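All remarks here apply to the structure that follows.
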Amino acid sequence: MELPAALRAAVDDALDGVPLADLQAASERLSARYRSETRDGRAHLSDDISARAYLAVRMPATYAAIRASLGAVAELRPDFSPKSLLDVGAGPATAVFAARDCWPGLSDATLIEQSPAIRRWGEMLLPRLVLGRSDWLAQNIATAPLPQGSHDLVMLAYVLDELVPAAHGALVDRLWAATADMLVIVEPGTPAGWSRILSVRDRLIASGAHLVAPCPHALTCPLSAPDWCHFSRRVARSRMHRRIKSADVPWEDEKFIYLAASRTSALPVAARVIAPVQVRGGTVSLKLCEQSGAARQHLLSKRDGDRFRQARRLAWGDCVGEPATMPADSAV
Ligand SMILES: C[S@@+](CC[C@H](N)C(=O)[O-])C[C@H]1O[C@@H](n2cnc3c(N)ncnc32)[C@H](O)[C@@H]1O
């Protein structure tokens, strides 16, 4: 997956003329802070060079993860066509670009971002979308109330990990209160990110939300440490990205976890593929989280006929629609 061409060109322009060594140093600082989930009271994107490094090395990956999460929502809620979006911790407006790519009818965006350095870039990039209305708010979402009113789609992407855990519950309650239909929260695909998503999941279920994706049920999550639920998207690296990271490989795999919850129920699914699909010789091995609340590994061979052929087409993160097509009797 790649950023849309116009956005990619705008990001290239933003990096034009910036010394490579400065971008490399800022990118390393950012990676270290994200990896260790540093919460020292300072914003990760506190200055212009950090913000530009984010555009180069993180925005393509967070865009890919958000876009994949929204694709899963669209698949199970074909009737959902949001007009308004509240993007909380918006950064350079990544979620708005991804949502508009998924739902071209999106016309109204409210973006909350406290860091002036990255907000400035978001304000410069967003006009490429030609929305009917966009409004940036410079607020601290851990303390300030959200703007009044509700929005068809509310997004919180790659933000919870930057907030102290004590602030999560109240923020999720405020986000849900601001949600007219769909709330989507995306986190890094680490055990810590999954654990935060599990807490959000419990809270939203208790508030009466319908889970849309990725979970095929609202029962207790069947996974336990050291296992964790996450997905992955392959992201193309631009030439500049490769130079900043001193990387030869023209792509990277972004691991992420998400939760989409709605006030309206979605199409039921029998299962979701929760690990890479292993195709070896004449067999397919699938790990499924199932509507029954169980997570099981399935092994299919050519003898399973259509179910084998269907399983071979599945990928990590896909949902399996009809219970009848699920490879249920070959669990191992
Ligand atoms: C990792 S970036 C994610 C940006 C964007 N959502 C994306 O997915 O690319 C997290 C963003 O949340 C913002 N943020 C973190 N804590 C915040 C707070 N308390 N109030 C408002 N924004 C905050 C940061 O400034 C940063 O821009």
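The values are calculated or read from the model by the stated rules, or taken from the named source; none is laboratory data. Everything numeric here is computed off the predicted structure, so don't read it as measured data. A quick note on method: Cβ atoms are made from the backbone with ideal geometry, for glycine too, and the neighbour counts reach across all protein chains shown.
Picking from GLU75, GLU123, which residue would you name as being more than 15 Å from the ligand (Cβ to nearest atom), surrounded by 15 or more Cβ atoms within 10 Å (Cβ to Cβ) and part of a helix (DSSP H, G or I)?
Answer to the check: GLU75.
I'd like to know if segment 293-312 contains one or more residues that are polar (S, T, N, Q), farther than 30 Å from ARG52 by Cα and buried (at least 16 other Cβ atoms within 10 Å of the Cβ).
Taking every residue of segment 293-312 in turn, at least one turns out to be polar (S, T, N, Q), farther than 30 Å from ARG52 by Cα and buried (at least 16 other Cβ atoms within 10 Å of the Cβ).
Report, by residue number, each residue of segment 105-135 that is of a type in the set (A, V, I, L, M) and in contact (Cβ under 8 Å) with a residue 40 or more places away in the chain.
LEU106, ALA117, ILE118, MET124, LEU125
What are the pairs, 6+ residues apart or on separate chains, where a residue within segment 136-153 that is farther than 19 Å from ARG119 by Cα and near the ligand (Cβ under 8 Å from one of its atoms) has its Cβ under 9 Å from a residue that is in a strand (DSSP E or B) and aliphatic (A, V, I, L, M)?
Every condition considered, no pair remains.
Suppose we keep only residues that are in contact (Cβ under 8 Å) with a residue 60 or more places away in the chain and of a type outside the set (Asp, Glu) within segment 94-104. Which one would you say is nearest to ALA72 (Cα to Cα)?
Across segment 94-104, the extreme among qualifying residues is ALA95.
When residues of segment 52-89 are filtered for being of a type in the set (A, V, I, L, M), in contact with a helix residue (DSSP H, G or I) (Cβ under 6 Å, 6 or more places away or on another chain) and farther than 21 Å from SER246 by Cβ, how many remain?
Matching residues across segment 52-89 total 4.
Looking at ARG263, ARG234, ARG272 in this structure, which one is among the charged types (D, E, K, R), closer than 27 Å to ALA177 by Cβ and in contact with a strand residue (DSSP E or B) (Cβ under 9 Å, 6 or more places away or on another chain)?
On inspection, the qualifying residue turns out to be ARG263.
Anything in segment 89-108 that is near the ligand (Cβ under 7 Å from one of its atoms) and crowded, with 24+ Cβ neighbours inside 10 Å? List them, or say none.
Correct list: ALA90, GLY91, PRO92, THR94, ALA95.
Got a sec? Which of PRO60, PRO82, PRO19 is touching a residue at least 24 places away in the same chain (Cβ under 8 Å), over 19 Å from GLU123 (Cβ atoms), of a type outside the set (Val, Ile, Thr) and away from the ligand (no atom under 12 Å from the Cβ)?
On inspection, the qualifying residue turns out to be PRO82.
In this structure, is LEU111 surrounded by 15 or more Cβ atoms within 10 Å (Cβ to Cβ) and at pLDDT below 95?
Judged against the criteria, LEU111 is not a match.
Tell me which residues, restricted to segment 172-188, are surrounded by fewer than 24 Cβ atoms within 10 Å (Cβ to Cβ) and within 13 Å of the ligand (Cβ to nearest atom).
ARG174, LEU175, PRO188
Does segment 275-287 hold any residues that are in contact with a strand residue (DSSP E or B) (Cβ under 7 Å, 6 or more places away or on another chain) and not hydrophobic (A, V, I, L, M, F, W, C), and which are they?
Scanning segment 275-287 gives GLN278, GLY282, THR283, SER285, LYS287.
When you scan segment 255-298 for strands (runs of 3 or more DSSP E) that lie fully inside it, which ones turn up with 2 or more residues that are over 20 Å from the mean Cα position of the chain (by Cα) and not hydrophobic (A, V, I, L, M, F, W, C)?
278-280, 283-290
If you go through segment 135-152 one residue at a time, do you hit one that is touching a helix residue (DSSP H, G or I) at 6+ places or on another chain (Cβ under 9 Å), among the hydrophobic types (A, V, I, L, M, F, W, C), surrounded by fewer than 18 Cβ atoms within 10 Å (Cβ to Cβ) and more than 28 Å from ALA10 (Cβ to Cβ)?
yes
Residues being touching a His at 6+ places or on another chain (Cβ under 8 Å) and within 11 Å of the ligand (Cβ to nearest atom): count how many of those fall in segment 26-53.
Number satisfying all stated conditions: 4.
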